[in-house]
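Data block below; observations after.
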Amino acid sequence: MPPIRNPYLNRSMIRSVGEFYGRSRETRRILARIGAPTPQSVSIVGERRMGKSSLLWHLAQPEVHGAAFDEPERCLFVVLDFQGHQHLDQSACCSLLARRVGELAGDRLDKVIPADGGLDELLDVAAALDAAGMRLVCLFDEFETVTRNTEIGPEFYGALRSLANANAVAFVTASRRPLQDLCHNQEISESPFFNIFTEVVVGPMADEEIHELITLPSAAAGVPLVDHEELIRSLGGNLPFFVQIAASAMVECLADGREPTPKRLEAAFLEEATSHFRYFVDAFDDDERALLRALARGERVSGEVADHLEAQGFLGRHDGVLIPFSTAFLRFSEQETEGPAAGTQKPAEPKVADIGRRRTLKRVGAGVIVGALASLALKLGWSTEPKHGLQVTTLSP
C-alpha cells in the first residue's frame, strides 16, 4: 500500500491556487476596490499566522483576479516582500520597486532610462506604465518593515500617494497592525498617504470555509477527515493555521493505524502548537490574560477585551456564549498565566466586569495628564506648537 500523502504539512506561503482555501469574502472586497474604474488601495491587517502572505500571492494570480478587470492583460501585479529588504534606504527601495515593475512588464513597456535612480526612477516607470494604458497593483508584504525604517522619510510616502492619485495605481499592503500604528515617527503617521487605504481585517475563517479546509484536501489525498471534523475543530477552532496542525496530526494518526482519541490527538497537536500558543499568550496584555483565567474558572465574559479577542479568532461563540477557540489553548493559557509561584501571595484577580472599566480609566487618566501639562505650559509662557516648545507624547495599549 503506498504511503498516505499528508496535505496539511505546508506551514509557509500557499503558492497554489488549488491549495488555497477560504478568504472568499476578503478576496471579493479587495478585488472590487483595486478593480474599480479609479483603483482604490487596501490595507490587509491580521495577526501572525492568519495567512496574509498567502492571500497576497493569491490575489496576484491571473485566474483569480481576471474576472475583476475589464482588460486583465493590461494589469500588472507586483508582489514585494519587504521582510527580506529591511536595510534598504529610501532610494534603494524606490529603485527595487521600479526594477521589479520593469521586469514584469517586459515588452509591454518601453525601456525607461531615468536621469537618476531612486524616486525619479520609480516616477518615470509609473509614467511609462500610464502612457501604455496599464494598471499597476503593488502588493507589499510585511509593510511595517518600511514604516519602521528610519532611513525612509515622509517624501517617500508623498510620492506613493502622488502615484496613486495621478496614475492607475493601487497599493495592497499586509501588516500585523494598522499602518499608522507602525510608523517610526508622528510626521510619517500623519502622512496623507495612509488616507487612501481601506482596511480589510483578516481574522478567523467562516465555518463553511473551515469545513472545506478539513474535508476537501483530505478527501483528495485518500484519507477523508469528515467524520473527525468536530474533534479537529475543538483544537483548531476557526484559525486556519491551527486547523491545519490538528488535521495534520489526525492524518498521521490514521496513517499509523492508531485510534484517534481526543487525548492522543491533542498530545500530537500540542507538539507543534505549543510554541505558537506561547507566542500569543506572551503577546497578550494583563487584561487579556485575566479574561482567559476567568474563562478557565467557568465565568462568562463580555466587553471590549472579549470583543477584541473574538475578532482575532482567539474566542468563538457556542450558543451565544464566548468560549476559547481551542480546548487545548484554554488549558495551555491557564497554565501559562496562573501567576506567582506557590508560596507567594497572589494579587486579587480582577472581575471580568472591571476589565473594560479599567481600560477606560487608563485612557481618561492619560487625557488628564496631557491636559495638566498643557495648562502648565501656558502658565509658564511656553509654546505648545510642535518644534517650538513643549511636546507631549502619550503611550497607550
Query raised in the report: What pairs come up if the first residue lies in region 174-199 and is β-branched (V, I, T), the second is modelled with pLDDT under 90 and open to solvent by less than 20 Å² (accessible area, probe 1.4 Å), and their beta carbons are under 6 Å apart, counting only those six or more places apart or on different chains?
Result: I196/A164
Requested in this report: Among what's in region 222-238 and is outside any helix (DSSP H, G or I) and over 18 Å from A268 (Cβ atoms), pick the residue that is least open to solvent (accessible area, probe 1.4 Å).
Outcome: N238
Query raised in the report: If Y8 satisfies every condition in (1) modelled with pLDDT of 90 or more; (2) assigned to a helix (DSSP H, G or I) but one, which is the exception?
Result: (2)
Requested in this report: Kindly indicate whether any position in region 191-201 is of a type in the set (A, V, I, L, M) and within 20 Å of G237 (Cα to Cα).
Outcome: yes
Query - When residues of region 285-326 are limited to those that are free of Cβ contacts under 8 Å to residues at least 12 places away in the same chain and basic (K, R), the one nearest to G237 (Cα to Cα) - result: R317
Query raised in the report: Being in a loop (DSSP other than H, G, I, E, B), among the hydrophobic types (A, V, I, L, M, F, W, C) and open to solvent by less than 50 Å² (accessible area, probe 1.4 Å), is that true of even one residue in region 299-307?
Result: yes
Query raised in the report: Quick check: anything in region 37-57 open to solvent by 60 Å² or more (accessible area, probe 1.4 Å) and over 22 Å from N195 (Cα atoms)?
Result: yes
Report summary line: Filtering region 65-83 down to residues that are open to solvent by 30 Å² or more (accessible area, probe 1.4 Å) and in contact with a helix residue (DSSP H, G or I) (Cβ under 9 Å, 6 or more places away or on another chain) yields A67, A68, P72, E73, R74, V79, D81, Q83
Query - Flag if G257 is surrounded by fewer than 17 Cβ atoms within 10 Å (Cβ to Cβ), at positive phi and out of contact with any helix residue (DSSP H, G or I) (no Cβ under 8 Å at 6 or more places or on another chain) - result: yes
Report summary line: Those residues of region 202-244 that are closer than 25 Å to R177 by Cα, among the hydrophobic types (A, V, I, L, M, F, W, C) and in contact (Cβ under 8 Å) with a residue 40 or more places away in the chain come to a total of 7
Report task. Would you be able to say whether some residue in region 239-250 is aliphatic (A, V, I, L, M), assigned to a loop (DSSP other than H, G, I, E, B) and crowded, with 18+ Cβ neighbours inside 10 Å? Result -> yes
**Report entry** region 15-32 residues that are open to solvent by less than 60 Å² (accessible area, probe 1.4 Å), paired with ones that are modelled with pLDDT under 95 and of a type in the set (D, E) (beta carbon under 8 Å, 6 or more apart)
**Finding:** V17/E63
Query raised in the report: Can you name the residue in region 317-351 that is crowded, with 19+ Cβ neighbours inside 10 Å and of a type outside the set (A, V, I, L, M) and, of all such residues, is modelled with the lowest pLDDT?
Result: S333
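The values are calculated or read from the model by the stated rules, or taken from the named source; none is laboratory data. The model shown is predicted, which means the values in this text are computed figures rather than measured ones. Every residue, glycine among them, receives a Cβ derived from its backbone with ideal geometry; neighbour counts consider all protein chains shown. Remember, those area values only see protein heavy atoms, side chains included, never the ligands or the DNA or RNA. Shrake-Rupley method; radii C 1.70, N 1.55, O 1.52, S 1.80 Å.
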